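To keep things clear, I will list the structure first and then write my remarks on it.
The values are calculated or read from the model by the stated rules, or taken from the named source; none is laboratory data. In this text, all values refer to a predicted model and were calculated from it rather than measured experimentally. Counting neighbours? That spans all protein chains shown, and the Cβs are built from the backbone with ideal geometry, glycine included.
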Amino acid sequence: MNGTPSVDSPNDEVLMLAVENGDARKLAVLFDRHHRVLFHFYLRLTGDRDASEDLVQDVFFRMLKYRQTYRPGMDFATWMYRIARNARTDYFRKRSREVALEEGWDAAGDADAAPGRGLEARQEAAMLRRALAKLPEEKREVLVLSRFQNLRYEQIGELLGCDVGAVKVRVYRALRELREIYSQISGRKAS
Amino acid sequence: MKCEQAREQLPDYLADGLDPEERSELEEHFAGCASCREEAAAWTRLGELTAEEPSPALRARFEAMLEAYEEGLGRRAREQRTSGGSAVPGWLRGWWPQRPALQFACSVGFLIVGLGAGHLLTARGAADGQLSQLREEVHNMREMVALSLMQQQSASERLRGVNWSYRVDRPDSEVLAALLRTVKYDPSVDVRLAAADALRQFSQYPAVRQGLVEALGRQKSPLVQIALIDLLVDIRDRRAAGALRQLGADTSLEYVVRERVEQGLEKLGMGEKSWAR
Ligand SMILES: [Zn+2]
């Protein structure tokens with residue numbers, strides 16, 4: 001994962017405590033470690049590049065602003081994603097507009113157009129993106145968190161305010177619904 | 001193994017949380033059950049989706065924010081020195097940190113604690129003034145980011161700066177001045193347009209109205225001219241009609257802009273019929 005520190009560099013928790021104690025520069029290290037992962041989180045949820053970049057910026061701004069809410073012993077990733085989810089809620093409340101997810105996702109599919117990938121694989125990827133975009137937001141989020149952001153079920157549970165068992169049920173249901181939508185799009189019968 | 005059991009184990013299987021025995025049992029079930037197999041396959045395919053990378057500008061914007069923040073800390077320290085005393089009430093002064101960074105940390109901390117426990121502070125009698133001052137500091141941080149971005153070399157960064165100004169609820173004169181400078185002098189049409197749009201939300205400020213009138217007078221881009229005309233007409237500034245007529249007197253004016261001027265004057269009740277008399 002992106003956030004894994006090398007041997008000689010302090011872990012995220014240590015860095016965040018330093019930021020909290022007035023060493024704002026340390027936030028740059030945290031930015032280097034996490035901004036891509038956060039960008040992908042937002043991009044996969046919204047399909048909107050500009051919004052995703054703004055939101056990443058806002059997350060790090062909020063880390064400075066609310067740094068006193070970080071406590072020793074807290075899991076940094078969980079804290080970061082909590083801020084990230086709040087930032088997204090505020091952002092889209094402020095805009096109060098529906099994001100055209102599907103178009104966004106089609107555009108975000110350009111990465112699959114890389115040469116070397118077969119046409120069929122690219123089409124499959126595009127269909128999967130569309131299926132993901134059609135998924136209700138909570139379900140899409142739980143899949144993104146567990147599949148792409150590499151969060152453990154315990155971390156997701158803490159984030160969503162439910163226990164690990166409930167997270168597993170959510171992951172399963174989301175995956176099942178994704179497969180059903182995917183089958184419809186691809187014209188295969190869902191069994 | 002039944003499907004029901006398989007489904008229960010699937011999330012752990014996906015997260016590599018099963019021991020080898022459970023794992024092979026489940027995979028055995030997959031071999032004979034297309035439905036469960038496809039669910040696992042959907043997970044695998046999902047993992048193969050690639051994602052685009054953020055633009056390099058993201059890092060630059062972050063730097064600008066961090067610099068603005070650090071600079072803001074320094075400025076606050078200077079202000080505190082020149083103002084002689086500090087705004088810290090007596091009951092706090094004993095343990096209020098001397099280092100500006102810590103002072104700010106305390107302020108933000110108080111803000112957050114204060115929002116949750118405002119009644120407690122009120123009981124101490126000093127809350128209201130103190131809290132509003134602290135809110136002010138957080139608010140200034142956003143302004144600093146907007147200001148610092150508006151001074152960048154690249155047009156896209158300045159555009160971001162203009163857009164940041166939307167996050168400022170009550171801008172100080174410095175931010176308004178920067179926006180007005182931008183709408184008047186920025187070399188990029190996009191940035192000038194964005195600044196005109198951003199100033200709409202601050203049109204209740206007399207300085208903004210005055211600045212918009214001036215900006216229209218020196219504007220050469222038809223796009224920005226039209227945006228400014230619309231804005232001045234919408235806010236019904238008393239100088240709008242004069243500014244529009246002056247613009248209309250320019251013989252080199254583009255046709256679309258001239259049309260907009262006339263429409264604007266109509267809307268202001270100063271159409272040709274009424275003001276030609
Ligand atoms: Zn089955």
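Figures for the structure shown
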read-out: Residues that are within 12 Å of chain B (Cβ to nearest Cβ), buried (at least 19 other Cβ atoms within 10 Å of the Cβ) and assigned to a helix (DSSP H, G or I), drawn from region A:131-154; value: A:Ala131, A:Leu132, A:Ala133, A:Arg140, A:Val142, A:Leu143, A:Val144, A:Leu145, A:Ser146, A:Arg147, A:Tyr153
read-out: Residues that are more than 12 Å from chain B (Cβ to nearest Cβ) and in a helix (DSSP H, G or I), drawn from region A:158-184; value: A:Glu158, A:Leu159, A:Leu160, A:Gln184
read-out: Check on B:Leu18, in contact with a helix residue (DSSP H, G or I) (Cβ under 8 Å, 6 or more places away or on another chain), of a type outside the set (D, E, K, R), touching a residue at least 12 places away in the same chain (Cβ under 8 Å) and surrounded by 14 or more Cβ atoms within 10 Å (Cβ to Cβ); value: no
read-out: One residue from B:Leu223, B:Leu212 being touching a helix residue (DSSP H, G or I) at 6+ places or on another chain (Cβ under 7 Å) and buried (at least 19 other Cβ atoms within 10 Å of the Cβ); value: B:Leu212
read-out: Options A:Ala111, A:Ala126; residue that is at the interface with chain B (Cβ under 8 Å from one of its Cβ atoms) and either in contact with a Ser or Thr (Cβ under 7 Å, 6 or more places away or on another chain) or modelled with pLDDT under 90 (or both); value: A:Ala111
read-out: Candidate set: region B:46-56, residues that are over 25 Å from A:Ala166 (Cα atoms), surrounded by 14 or more Cβ atoms within 10 Å (Cβ to Cβ) and not charged (D, E, K, R); chosen: the one nearest to the ligand (Cβ to nearest atom); value: B:Leu49
read-out: Residues (within 15 Å of the ligand (Cβ to nearest atom), within 13 Å of chain A (Cβ to nearest Cβ) and not in a helix (DSSP H, G or I)) located in region B:1-45; value: B:Cys33
read-out: Filter pass, B:Ala68 being away from the ligand (no atom under 16 Å from the Cβ), on the phi < 0 side of the Ramachandran plot and within 19 Å of the chain's Cα centre (by Cα); value: yes
read-out: Residues being outside any helix (DSSP H, G or I), more than 10 Å from every other protein chain (Cβ to nearest Cβ) and over 16 Å from the mean Cα position of the chain (by Cα) - total across region A:17-73; value: 4
read-out: Of all residues making up region A:7-63, the number that are touching a residue at least 40 places away in the same chain (Cβ under 8 Å) and of a type in the set (Val, Ile, Thr); value: 3
